[in-house]
Amino acid sequence: MKTTIHSLLICMLGAALAAPSCRMLDVEPVSEIPQSQMWQNQRDVNAGIAEIYASFRTALRTNWFCWGEMRSDNFVLYQELPNEYGKLIMNQMTTDLPSTNWTSLYKVISNTNFAIQNIPNANITDQALKNDYLAQAYAMRALCYFYAVRVWGAVPVYLDPVDNLANAKVQGRTSKDEVLRDVIIPDLELAESLIDPSNVERKRISRNAIYAILADAQMWLGEWEQADATIDRFMSANGSPDATITNSKVVFQPNLEELKNTFVTGLNNKASDNNPQVDEYGDPNEFIFVIHHNINEAGLSNYSMIWSILGCGMGQGSTVVLSPKLQAVYEESVASAPIDKRMEQYLCPSKSDRSSFQVHKYMANGASVKYQDYINCQVAYPVYRYTDVLLMQAEVKANLDKWQDALNLVQFVLNRAGVASRLPHVADFATRDELIDYILDQKQIEQVGEGKRWFDLVRNHRVVEVMNPINGLSSPNEELFPINQSVLNLCQNAYQQNPGY
């Protein structure tokens, strides 16, 4: 949907609205069709929804790594190069890093605002389909704001589209908890009530995706009972790990080799069919929502970065390799019986002497991709999968002081890895924090390379404790990213920089 992209950029580039001379506003509209002539029918609305996902792909193409992985204790640089990932890993945060700029994320938000405003008046006779389109717009707006508050804390909130610069007004920053409580969670609850359960696509928002995002957001507010209830609804719709519901598309995969195959074949080179009732991501599997990269659909500017950043295969170079801390965890696990199968399925040596390891979830064991060819490769980014939800609920149960319930959920993951005997007992933990630390450690091992670790550390206020010995991070203020200086320059006095920057 190319509806007055000019207007979309004018509105939702955060601070850009305040500056009459803003260079970010000096763009040519992609389409000359006025907005009044758009959003008329199902074809228009489908194009508008497609544009939301296209802009989301662009916003997360590198930020999926930068925001969720690169500041954590998961990785170090394979080679010392002066790139953004190295600065994030070493906590050398500067206000000119691309990952500190919220512009692309607010473009997605703008697209969702136009959809929310216009879909109710579109000529679509199928009310369930119209509601499903609307649910996707609300849920995608919530997801974008959820990324924003996790990265920057307080952020400006825009809930209405702006199609005229003369009417534009700069919004101040709203606190993280207020955005979660008053924007994100209400949007998701409304989306849950509107979504069509027959929508089974994983590259677009489904009911299962709404459950996952909602429970995650509730956890960030410390609403443990509510998060537990949301995950229970997810389990009721799909089945528990040991009792899958017939015809469920999202299931816990108990076999690690099959799960690895899902990462390899389920996310690799999938063409888009644009049919919400048909899931091109295959038979029942773990994936709930993925960022779908398809070169034919989106062009080379939206190709996936997974293989170039995490590694191209056995003996191939990569941008990052496993951190010494996490590598030691894996190697210690493999050195003792029973062997943790994830060492073989999730990792591979980046050198012949096995002195460092790459995340190898997304490639077949023993396979490699020529570095010069990775630009032609397409791999979807997993945003949520069943095991995410399972381990989220383990953390929720721990915070509700249901310790045995929490360990029972972790046991499913250890069973799959072949190390069920390593599950500790409740008596092994003296405090709730000790149990939560254990769950976070298990999440780190299981979800390495999936854009989660930094957010887990921030939500649980473990950033200084974990990262200070590694890169000297010393202040809770550094849980947040700085706001890009270009945004601050464009709107002088509209926003204050985050503390510490």
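The values are calculated or read from the model by the stated rules, or taken from the named source; none is laboratory data. Please read all numbers here as calculations on a predicted model, not as lab measurements. Glycine also receives a Cβ, built like all others from the backbone with ideal geometry; neighbour counts cover every protein chain displayed. Ligands, DNA and RNA are excluded from the accessible area calculation, which covers all protein heavy atoms including side chains. Shrake-Rupley method; radii C 1.70, N 1.55, O 1.52, S 1.80 Å.
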(request) Let me have the 222 nm mean residue ellipticity of the chain computed from DSSP H runs of 4+ only, each contributing -39500 (n - 2.57), with the sum over all residues rounded to the nearest 500. (result) -13500 deg cm²/dmol
(request) Please go through the range 322-394 and write out the chymotrypsin sites (Phe, Trp or Tyr not before Pro) that DSSP classes as loop and that have at most 10 other C-beta atoms within 10 Å. (result) none
(message) I'd like the Karplus ³J(HN,Hα) series for the range 196-202: coefficients 6.51, -1.76, 1.60, θ = phi - 60°, whole numbers in Hz, and an x wherever there's a Gly or Pro.
(response) 7, x, 7, 6, 10, 5, 9
(request) For the chain, return all DSSP H helices satisfying: extent of Cα atoms along own axis at least 24 Å; mean Kyte-Doolittle hydropathy at least -1.0. (result) 42-60, 127-152
(message) Suppose all protein chains stay in the model; what accessible area per residue would a 1.4 Å probe give for the chain, in Å²?
(response) 38 Å²
(request) For the pairs LYS87/LYS397; LYS203/LYS452; LYS87/LYS270; LYS130/LYS176, note any where the Cα-Cα span goes beyond 28 Å. (result) LYS87/LYS397; LYS87/LYS270; LYS130/LYS176
(message) Given R₀ = 25 Å, what would the calculated FRET efficiency be for ASN415 paired with ILE470, taking r from the Cβ atoms and rounding to 0.05?
(response) 0.20
(request) Kindly identify the range 368-429 as rounded, prolate or oblate by the Cα gyration tensor criterion: order the square roots of the eigenvalues as a ≥ b ≥ c, call it rounded if a/c is under 1.5, otherwise compare a/b with b/c, prolate if a/b is larger, else oblate. (result) prolate
(message) Taking just the alpha carbons, could you work out the radius of gyration and Dmax for the range 51-196, both in angstroms?
(response) 17.5, 58
(message) What percent of all Cα-Cα pairs in the range 272-377 falls into each 10 Å bin, going from 0 up to the bin containing the maximum distance?
(response) 13, 36, 31, 16, 4
(request) List, largest first, the extents of the alpha carbons of the chain along their principal axes, each in whole Å. (result) 67, 50, 47
(message) So, R0 is 30 Å and r is the distance between the beta-carbons of ARG43 and SER248; what FRET efficiency does that work out to, to 0.05?
(response) 0.45
(message) For the range 346-501, compute the orientation-averaged projected area of the C-alpha convex hull (one quarter of its surface), in nm².
(response) 13.9 nm²
(message) Among SER368, LEU414, TRP403, which residue has its Cα furthest toward the positive end of the charge dipole of the range 342-422, with +1 on Lys/Arg Cβ and -1 on Asp/Glu Cβ?
(response) SER368
(request) Indicate the gyration tensor shape class of the range 147-292 (rounded, prolate or oblate), computed on the Cα atoms with a ≥ b ≥ c the square roots of the eigenvalues: a/c under 1.5 is rounded; otherwise a/b larger than b/c is prolate and the rest oblate. (result) prolate
(request) Could you list which residues have their amide H under 5 Å from that of ILE291, counting only those 5 or more apart in sequence or on another chain, with H placed in the peptide plane? (result) TYR381, VAL383
(request) Round to the nearest 0.05 the FRET efficiency obtained for ASN477 and ASP433 when R0 = 25 Å and r is the Cβ-Cβ distance. (result) 0.70
(request) Summarise the accessible area of the chain (1.4 Å probe, protein heavy atoms) by the percent that is carbon and sulfur. (result) 48 percent
(request) Return the distance in nm (one decimal) between the two label points of a simple spin-label model at VAL278 and LEU77, each offset 7 Å from Cα along Cα→Cβ. (result) 4.6 nm
(message) How big is the dipole moment of the chain about its Cα centre under a simple scheme where the beta carbon of each Lys and Arg is +1, that of each Asp and Glu is -1, and everything else is neutral? Debye, nearest 20, please.
(response) 760 debye
